[in-house]
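Enquirer: Here you go, one structure.
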Amino acid sequence: MGGGRGRGNRSRTQRKHFRDGRENVWKRSKSQASSDSNNTSTDNPTWQPFATQNQAFDEYYKEEGIVPPEEWDTFVEFLRTPLPAAFRINSSSQFCADIRSQLENDFMKSLKAEVTEGGGEVEAIRPLPWYPDNLAWHSNFSRMQLRKNQTLERFHEFLKLENEIGNITRQEAVSMVPPLFLDVSPNHFVLDMCAAPGSKTFQLLEIIYQSTKPGSLPDGMVIANDLDVQRCNLLIHQTKRMCTANLIVTNNEAQHFPGCRAHKNFSKASEIELEPPISQLLFDRVLCDVPCSGDGTLRKAPDLWRKWNSGMGNGLHPLQIQIAMRGLSLLKVGGRMVYSTCSMNPVENEAVVAEILRRCGGSVELVDVSSELPQLVRRPGLRNWKVRDRGIWLSSHKDALKFHRFGILPSMFPSGRRYVAPTDGDHKNENGANVNSEDEPMEDPMISTDDWNEEVSDIPLERCMRIVPHDQNSGAFFIAVLHKLSPLPVIQEKPSRRGNSLTKRDEIQEKLSEQVTECNNGVELNSEDAASEKFSEAASEADLIEKEMDETASVPDPCNTDDENDSEKAKLLVEGETPSGKAVGKRKLQIQGKWKGVDPVIFFKDEAIINSIKAFYGIDESFPFGGHLISRNIDNNHVKRIYYISKSVKDVLELNLLVGQQLKIASVGLKMFERQTSREGTTAPCSFRISSEGLPVILPHITKQILYASPVDFKHLLQYKAIKFMDFVDAEFGEKASKLMMGCSVIVLRDAKTSSEPIQLDASTIAIGCWKGRGSLSVMVTAIDCQELLERLSARMETEKGSSAQENNVEGVELQDMNGIEEAERSYTTKEATND
């Protein structure tokens with residue numbers, strides 16, 4: 001997934017150490033821990049703990065007034081202690097209620113005595129009071145404590161297993177806050193602009209999937225974007241646990257994220273005449289969690305103490321504005337955007353919010369969300385602050401010019417006012433600054449001297465919120481909620497300076513080149529004039545660039561010839577048919593191969609394979625297949641995986657193809673079918689099996705190759721992985737299994753009290769994929785999934801057993817059934833031992 005980094009291969013992104021993910025360096029490696037356990041501090045005098053103090057940090061935040069002076073010692077004390085673990089239950093998981101019940105009724109009680117603080121007993125784990133429905137939890141254990149004794153080890157293994165399965169997500173508590181203020185609905189199109197590592201994306205998908213019935217998909221979708229390829233891989237790994245068909249992962253620059261605008265005349269200029277389902281990529285909600293200096297994560301990344309300096313925030317300020325403005329330009333009117341950072345620095349927070357509100361000129365408002373999540377302790381945003389640059393405090397842009405700090409932008413200050421030095425009849429100093437007879441930059445005559453001394457923003461920045469560590473034993477975070485009231489202001493196009501001899505295409509390309517060059521110059525910290533001038537037009541300029549990109553994509557290319565290979569690629573991408581005679585002299589749709597190292601996204605149209613799948617599994621017509629299947633391989637004969645996409649994702653992919661594939665797609669779709677490559681698999685009537693990820697979606701629509709197993713036989717399949725037909729406890733089930741066609745089959749768990757088939761499927765239904773061989777049935781589920789299902793099945797059986805006994809107050813029929821299952825298990829185990 002390497003390759004293109006945007007326009008002209010010129011990247012204006014944050015420096016590498018801002019892009020890289022930070023591991024929790026409080027955690028020592030096993031080798032280091034072993035070494036430390038065998039050596040005392042006297043034996044190993046060279047080992048030093050991380051320094052958890054920084055004089056520049058203390059001076060900076062004391063001056064900015066992030067917390068009152070009387071709270072400073074407590075604030076720093078919390079910053080110097082490791083961050084407690086937190087995790088969130090996946091609300092869309094079929095085991096959500098089971099896991100929450102296990103935490104409330106098992107772990108809360110069993111771990112209660114394990115943590116003491118100051119001699120008094122405290123809760124070992126507790127639900128976060130501000131997170132809805134007890135779905136987010138806080139732990140008072142450190143990682144080392146989790147390995148201390150058997151009780152904690154059981155809890156630790158529980159966390160690891162459920163996290164890997166996707167039933168829970170281990171996530172910093174304050175990181176869970178921004179998605180909650182987005183107010184997402186299941187029908188919303190959501191953009192996560194800087195999404196890696198993906199915990200917030202996962203959270204957004206959970207909300208999208210709320211109230212979705214089995215076998216159906218929500219109308220909304222999420223596009224999760226991240227520029228850095230390695231972090232994008234982490235994002236893909238994280239979100240794959242969700243098993244969703246409503247997600248696209250992209251690898252574009254956030255500040256240049258494409259709007260994919262299809263013009264009305266596009267179909268006429270395109271060789272493939274399709275009416276796009278949507279004409280432009282706009283979003284109901286945008287999460288703008290921008291790259292930042294990250295000093296809010298000091299508790300989990302103490303190495304930042306020695307790296308921190310005020311210039312980190314100053315350097316990222318321009319990029320943060322660009323990304324936020326791009327997010328607002330992609331937001332629908334009436335939509336909501338959340339701007340957030342894990343930094344405490346007002347230059348990265350309030351200054352950015354104030355600047356984008358000034359540029360939007362009343363088309364965007366800062367929302368007061370003080371009444372939302374009332375149990376979340378937060379502090380209002382600041383309205384005045386200073387800028388520090390190389391040891392000097394600057395109160396206004398006038399000070400920046402006075403001390404020749406030309407990389408310090410007006411937008412970094414509370415008022416955002418630019419100090420204008422006179423240009424006529426004045427001398428210049430050796431640094432090129434205009435000076436008067438007193439060798440100081442000239443003041444703007446429209447602004448009094450007193451106004452420059454101490455700036456206070458006239459924007460209601462107190463509506464922003466800052467979360468600090470000592471308020472609720474967490475990390476630090478900044479959040480601002482923005483509401484788009486009307487379209488953003490549009491700037492006038494600059495008059496063309498080119499002669500009439502240039503073609504329209506040449507004019508567009510040259511103008512686009514100039515626009516991109518100007519934007520690139522704008523973020524250089526040593527180009528203050530260019531930066532402040534260009535940033536003030538960022539939103540409308542981004543729209544103009546996007547517009548001209550779309551126009552360029554639709555202009556006929558006189559250099560194109562009727563190339564057979566390109567024509568073949570275009571037909572494969574869209575409809576599987578070559579539009580003969582229409583490719584000459586027109587710009588062809590390119591496959592995603594133009595993004596180096598990224599597999600193309602192909603709409604899968606092989607009717608022979610699709611019909612064989614539908615016939616083999618008896619998939620009813622109510623399940624939408626047409627246009628919902630994709631692959632990442634042009635050659636249908638070598639397609640190993642077929643992915644399923646929702647209608648919303650399908651619409652976006654079709655639009656992306658029509659506008660020349662501006663989205664660099666790294667991952668898309670839910671893996672639904674996989675080709676069987678074994679010798680037995682190649683001889684089966686259908687060469688594709690149903691994947692575990694896709695089974696819940698397609699399960700209600702399967703009418704063939706499906707059986708309903710009793711709890712005992714289902715449990716045996718999970719335990720022993722393969723069972724001969726004659727060895728099933730339920731002989732009738734074994735006979736039915738032997739009569740299935742060779743190939744993939746689906747086994748559904750039925751209730752012990754239910755004998756009728758088929759059963760009513762709901763969100764709690766458990767089903768697995770199996771392979772029906774010549775003499776046995778074998779599970780096609782990973783070992784970790786088998787382990788999880790066995791634990792959940794055992795827990796349910798214990799619950800049913802207990803409730804049966806309580807209801808009847810005697811061992812009635814239901815209790816006898818459960819005892820019968822246990823007896824059958826003992827019998828089967830004895831039989832297996834005899835056979836061995």
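The values are calculated or read from the model by the stated rules, or taken from the named source; none is laboratory data. None of these values were measured; they are calculated from a predicted model. Because the Cβ atoms are built from the backbone with ideal geometry, glycine has one as well, and the counts that use them run over all protein chains shown. Surface accessibility is based on the protein's heavy atoms, side chains included, excluding ligands, DNA and RNA. Shrake-Rupley method; radii C 1.70, N 1.55, O 1.52, S 1.80 Å.
Enquirer: Going residue by residue through region 749-758, is there one that turns out to be crowded, with 17+ Cβ neighbours inside 10 Å, under 27 Å from THR244 (Cα atoms) and in contact with a Leu (Cβ under 9 Å, 6 or more places away or on another chain)?
Expert: yes
Enquirer: Go through region 278-296 and count every residue that is open to solvent by 30 Å² or more (accessible area, probe 1.4 Å) and β-branched (Val, Ile, Thr).
Expert: Of the residues in region 278-296, 1 are open to solvent by 30 Å² or more (accessible area, probe 1.4 Å) and β-branched (Val, Ile, Thr).
Enquirer: Oh, and also: Taking only region 378-401 into account, find how many residues are free of Cβ contacts under 8 Å to residues at least 60 places away in the same chain and in a strand (DSSP E or B).
Expert: 2
Enquirer: Somewhere in region 132-144, is a residue assigned to a helix (DSSP H, G or I) and modelled with pLDDT under 85?
Expert: Start the filter on region 132-144 by keeping residues that are assigned to a helix (DSSP H, G or I), which leaves 132-134, 143-144.
Retained after the next criterion (residues that are modelled with pLDDT under 85): 143-144.
Checking region 132-144: at least one residue is assigned to a helix (DSSP H, G or I) and modelled with pLDDT under 85.
Enquirer: Is there any pair with a first residue in region 614-629 that is loosely packed, with under 12 Cβ neighbours inside 10 Å and a second that is in a loop (DSSP other than H, G, I, E, B) whose Cβ atoms are under 8 Å apart and which are 6 or more apart or on different chains, and what are they?
Expert: ASP620/THR703
Enquirer: Hand me the list of helices (runs of 4 or more DSSP H) wholly inside region 637-742 holding 1 or more residues that are more than 21 Å from THR765 (Cβ to Cβ) and open to solvent by less than 10 Å² (accessible area, probe 1.4 Å).
Expert: Hits in region 637-742: 647-658, 679-682, 731-738.
Enquirer: How many residues does region 674-710 hold that are over 21 Å from ASP785 (Cα atoms) and of a type in the set (S, T, N, Q)?
Expert: Of the residues in region 674-710, 7 are over 21 Å from ASP785 (Cα atoms) and of a type in the set (S, T, N, Q).
Enquirer: Could you check how many residues of region 58-96 are closer than 21 Å to GLU350 by Cβ and small (Gly, Ala, Ser)? So that I can check it myself, show each step before the final result.
Expert: Quick first cut of region 58-96, residues closer than 21 Å to GLU350 by Cβ only: 58-69, 71-72, 75, 79.
Pick out the ones that are also small (Gly, Ala, Ser) and you get 65.
The qualifying residues number 1.
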